[in-house]
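Colleague: My questions all concern the structure below.
Computed from the coordinates by the stated procedures, all read-outs in this text should not be read as laboratory data. Small disclaimer: the values here were computed from a predicted structure and weren't measured. All Cβ positions, even for glycine, are placed from backbone atoms using ideal geometry, and neighbour counts span all protein chains on display.
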Amino acid sequence: MSLVSGPGRGGVAAMPVEMRLFVDKHVRYIQSLDTRKDELEYWLTEHLRLNGLYWGLTALHLLGHPDALARDEVISFVLSCLHDNGGFGAAPGHDPHMLYTVSGVQILATLDAFDELEKRVTGGRNKIGQFIADLQDPETGTFAGDEWGEQDTRFLYGALNALSLMGLLHLVNVDKAVAYIQSCANFDGGYGTSPGAESHSGQIFTCVAALAIAGRLDLVDHDRLGAWLSERQLKNGGLNGRPEKKEDVCYSWWVLSSLANLDRLHWIDGDKLAVFILQCQDPELGGIADRPGDMVDVFHTVFGIAGLSLLKYPGLVEVDPVYCMPRSVIKKCLGK
Amino acid sequence: MASHGVLRGLGAGVRSEEARQKELQQIAAYNDLVELVNTKVAERQYTIEVLDLITKLLNENPEYYTIWNHRRRALRYLFAAPDPKDSSPGPSKRHAQDLVESDLRLTFLLLRKFPKCYWIWNHRNWILRIAESFVQTAEARKLWSEELQLIGKMLHADSRNFHAWSYRRFVVAQLERLQAPATSEPPSREARQSLTESEFEYTTKMIKTNLSNFSAWHNRSELIPRLLAEREAGSVARRKMLDDELALICTAINTDPFDQSIWYYHQYLMSTLSLDCPPQDRIVHDLSNHDRQKYYAHEMEYIREILEDEEDCKWVYEALLHCAGCYLEVEGGTQAFTTRDMRYWLDQLKRLDPLRKGRWDDLGRSLKL
Ligand SMILES: [Zn+2]
């Protein structure tokens, strides 16, 4: 992206106004999220609380404000969502599920808090690992979300993500999981939720990232999938999730990270995408929306910022395209 | 926390004191209901009254997955309990069927309002699988057939809803499972007649309504290999299938050459010609390189004709370069086109599609242009 060599060291303040990221406003927006208890929406979204914390915390780290949320409070909240069986629920009292277990592990990894986990819950890491491992289908290699058995490649990716962060990948059959992903591949190079399902950018992200964790990106048709992903960019710079659909900021992450994992980031116009993401900011109250002028939320905020980080927007901390976490955290966890 | 397409509006975040008070009352009522349900479930009070409270809460918040789990726990208990309206002991089949029907109604109404909510789709699937265990095969088949009709309605409302398409494939698999004879003897040809033919017809219908429906094109590409296998199609029938599909897509391209769904289906057909195509995915099994070359040349010929009316359609140039690459792979010579043609097509791509400049540069290098 030309911004890197553009305005030089003048930083964000020297940027043309349409290229400005409102860092302080986004930090304040994220800090405000847990103080909005007088809004019904706060209560109606309790089933996303732990995901929301992961989204908010990751956004703050990428913005270079890792201490904007109190570390002890975050860890206490995360551990209050942990069940005896090693799974995390969305909030205290919510049932354990893969989706929240992954967020719990990602937050603990970002805060370098696995020691605190062991101090408060003896054998905590292994318990979590076992919860995840027990959800693998021994027949097909894919994963269920919880005891009720619904399966989805999102859960497979989540499992490999969390287990690898804890150094526990050996608890599952990685080869079988890889074979399952291959069975979801389509002629266009993409992947769907299950064998036979249409390619979808969100599922492509989970399948490509899972293959990256398994060290099997060689199985992906780089050129064919790269071509399909590059066609997600529309004239206004935004990216959509499937052919003939509307653009949306969250896809700037699913599509862009997949292009990065395939080494094809240069197959779309990064500058135009950056401008599109920046147009989706709320310039007054902070936060990023799905499209310009829409209501912001923390989900689109983190994926917008992570997209900008992949595009090397100046001043942002480098994001890892496989984990959607700071690159430095991944280096520390994986030792690479 | 993850909203789509909701306008920010003016003065967002500013509420009148009256509106704030009203919202606080709504919050209190909602939280009271949550607490009541959680308390009753913790006490294992799995009664019809508690089930009604759960229904009320799910209507207010269908994303609250733990409440769906509570519902399943309560239902599992109620299925095994005697009918309250009946004095005979033991579980009542009629009572269980009433419960199933009321959950099918609940999820149907919720899906109309929240067609993209995973948990509602999951619950519907769960309740149908449970229902199957109470009923005879014929009744089970009826349940799943009604389900197929419902999905038809959902896809009529949103022809690209990928939950609905996935669910459709799942429902079809259930119907096929129930139609298979229970004996271990190999089924006769008629018994094996699955829903592949009618599903293939369905994609034809969907495409005719809207050429731009890639979900339908995709499903068609999934059905073709199965259809041919089930028809036990020989070489002639397989070639006819390929030619018919190419003719269909050729008409579609002529109708709207700017629609990418159509070009993806064209790419699919081309991919089945390739030497790299796995045998089970091929439409024609006995293609010689000479056949391939003829197909590629023919495709290029009619795609070039589109240029006469649409010289600014990038998909045309991309398809030409793709076919040219394939042609060169099976035959060294370039009778159908020259290197100059290829360079011209690449230049047009760069002119018409600057967003993907990096990709066209790489393509030029890989084709040595
Ligand atoms: Zn979105």
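Colleague: With the cut-off at 31 Å, tell me which of the pairs B:Lys142/B:Lys208; A:Lys119/A:Lys176; B:Lys208/B:Lys294; A:Lys25/A:Lys336; A:Lys245/B:Lys368; B:Lys153/B:Lys314 have Cα atoms farther apart than that.
Modeller: A:Lys119/A:Lys176; A:Lys25/A:Lys336; A:Lys245/B:Lys368; B:Lys153/B:Lys314
Colleague: Where does chain A land at 222 nm, in deg cm²/dmol rounded to the nearest 500, when only DSSP H runs of n ≥ 4 count, each adding -39500 (n - 2.57), divided by all residues?
Modeller: Rounded to the nearest 500, the figure is -14000 deg cm²/dmol.
Colleague: What does the structure give for A:39-49 when I average, per residue, the other chain Cβ atoms found within 10 Å of the residue Cβ?
Modeller: Partner Cβ neighbours, averaged per residue: 6.
Colleague: Among A:Leu239, A:Leu316, A:Leu256, determine the one that fluctuates most according to a GNM of chain A built with springs between C-alpha atoms less than 10 Å apart.
Modeller: Result for chain A, Cα springs under 10 Å: A:Leu316 fluctuates most.
Colleague: I've got another one for you. Which aspartates and glutamates does B:Lys22 reach when only Cα atoms under 15 Å apart count, and residues fewer than 8 places away in its own chain are ignored?
Modeller: A:Asp38, A:Glu39, A:Glu41
Colleague: Now, a different point. Counting Lys and Arg as +1 and Asp and Glu as -1, what is the net charge of the other residues whose Cβ lies under 13 Å from the Cβ of A:Pro138?
Modeller: Values: positive: A:Lys176; negative: A:Asp134, A:Asp137, A:Glu139, A:Asp175.
Its environment carries a net charge of -3.
Colleague: With a sphere of radius 11 Å drawn around the Cβ of A:Asn186, what net charge do the other residues whose Cβ falls strictly inside it have (Lys, Arg +1; Asp, Glu -1)?
Modeller: Overall, the nearby charge balance is -4.
Colleague: Could you check which residue among A:Lys127, A:Lys119, A:Lys312 shows the biggest mean-square fluctuation in a GNM of chain A with a 10 Å Cα cutoff?
Modeller: A:Lys119
Colleague: Go ahead and estimate [θ] at 222 nm for chain B from helices alone: -39,500 (n - 2.57) per DSSP H run with n ≥ 4, summed, over the residue count, rounded to 500. List each step's numbers first, then the result.
Modeller: Working: 16 runs with 262 residues, N = 369.
Here the helix-only value at 222 nm equals -23500 deg cm²/dmol.
Colleague: As I understand it, the dipole of segment B:24-134 uses +1 on the Cβ of Lys and Arg and -1 on the Cβ of Asp and Glu, about the Cα centre. Which of B:Tyr65, B:Ile130, B:Tyr46 lies farthest toward its positive end?
Modeller: In segment B:24-134, that residue is B:Ile130.
Colleague: Would you give the gap between the C-alpha center of segment B:103-180 and the C-alpha center of segment A:253-320, rounded to a whole Å?
Modeller: Between the Cα centre of segment B:103-180 and that of segment A:253-320, the gap is 37 Å.
Colleague: How many nm separate the modelled label positions at B:Phe200 and B:Asp291, each set 7 Å beyond the Cα in the direction of the Cβ?
Modeller: Label at B:Phe200, label at B:Asp291, 1.7 nm between them.
Colleague: With a Förster radius of 25 Å, plug the Cβ-Cβ distance of A:Asp263 and A:Leu334 into 1/(1 + (r/R0)^6) and report the FRET value to the nearest 0.05.
Modeller: E(calc), rounded to 0.05, equals 0.85.
Colleague: Per-residue mean of other chain beta-carbon atoms within 10 angstrom of the beta-carbon, peptide A:243-250?
Modeller: If you average over the peptide's residues, the count of other-chain Cβ atoms is 4.
Colleague: Using θ = phi - 60° and the Karplus relation 6.51 cos²θ - 1.76 cosθ + 1.60, list the HN-Hα couplings for segment B:248-255 in order, rounded to whole Hz, with x at every Gly or Pro.
Modeller: Whole-Hz 3J(HN,Hα) from phi for segment B:248-255: 4, 6, 5, 4, 4, 4, 5, 6.
Colleague: What is the sum of charges, Lys and Arg at +1 and Asp and Glu at -1, for the other residues whose Cβ falls under 12 Å from the Cβ of B:Phe200?
Modeller: Details: positive: B:Lys205, B:Arg220, B:Arg226, B:Arg231; negative: B:Glu197, B:Glu199, B:Glu201, B:Glu222, B:Glu230, B:Asp244, B:Glu245.
The answer is -3.
Colleague: Evaluate the charge dipole of chain A about its Cα centre and quote only its size in Debye, nearest 20, assuming +1 on the Cβ of each Lys and Arg and -1 on the Cβ of each Asp and Glu. Walk me through the intermediate numbers first.
Modeller: Working: 29 positive and 43 negative charges, 194 e Å.
Roughly 920 debye for chain A.
Colleague: In addition: Which angle between 0 and 90 degrees, to the nearest 10, do you get for helix B:93-113 versus the longest principal axis of chain B when only C-alpha atoms count?
Modeller: Taking Cα atoms only, the helix is inclined about 50 degrees.
Colleague: Okay, moving on. In percent, how large is the relative contact order of chain A, given Cα pairs closer than 8 Å and 6 or more residues apart?
Modeller: Working: 566 pairs, mean separation 65.0, N = 336.
Computed over chain A, the figure is 19 percent.
Colleague: Determine the shielding of peptide A:148-154 by partner chains: average, over its residues, the number of Cβ atoms on other chains within 10 angstrom of each Cβ.
Modeller: Details: counts 7, 3, 7, 0, 3, 0, 1.
For this peptide, the per-residue mean of nearby foreign Cβ atoms is 3.
Colleague: Something else: Counting Lys and Arg as +1 and Asp and Glu as -1, each charge on the Cβ, what is the dipole of segment B:233-369 about the Cα centre in debye, to the nearest 20? Mind showing how you got there, number by number?
Modeller: Working: 17 positive and 25 negative charges, 108 e Å.
It comes to approximately 520 debye.
Colleague: Let me ask something additional. With only Lys, Arg, Asp and Glu charged, each at its Cβ (+1 for the first two, -1 for the last two), find how big the charge dipole of the protein assembly as shown is about the Cα centre; round to the nearest 20 debye.
Modeller: Using Cβ point charges on Lys, Arg, Asp and Glu, the protein assembly as shown gives about 460 debye.
Colleague: Then there is this: Say R0 is 56 Å: what FRET efficiency, to the nearest 0.05, do B:Ala229 and B:Ala81 get from their beta-carbon distance?
Modeller: Plugging the Cβ-Cβ distance into 1/(1 + (r/R0)^6) gives 0.75.
Colleague: Running a GNM on chain A with Cα contacts under 10 Å, which residue among A:Thr206, A:Thr301, A:Thr193 ends up with the highest mean-square fluctuation?
Modeller: Per the Cα network of chain A with a 10 Å cutoff, A:Thr193 tops the list.
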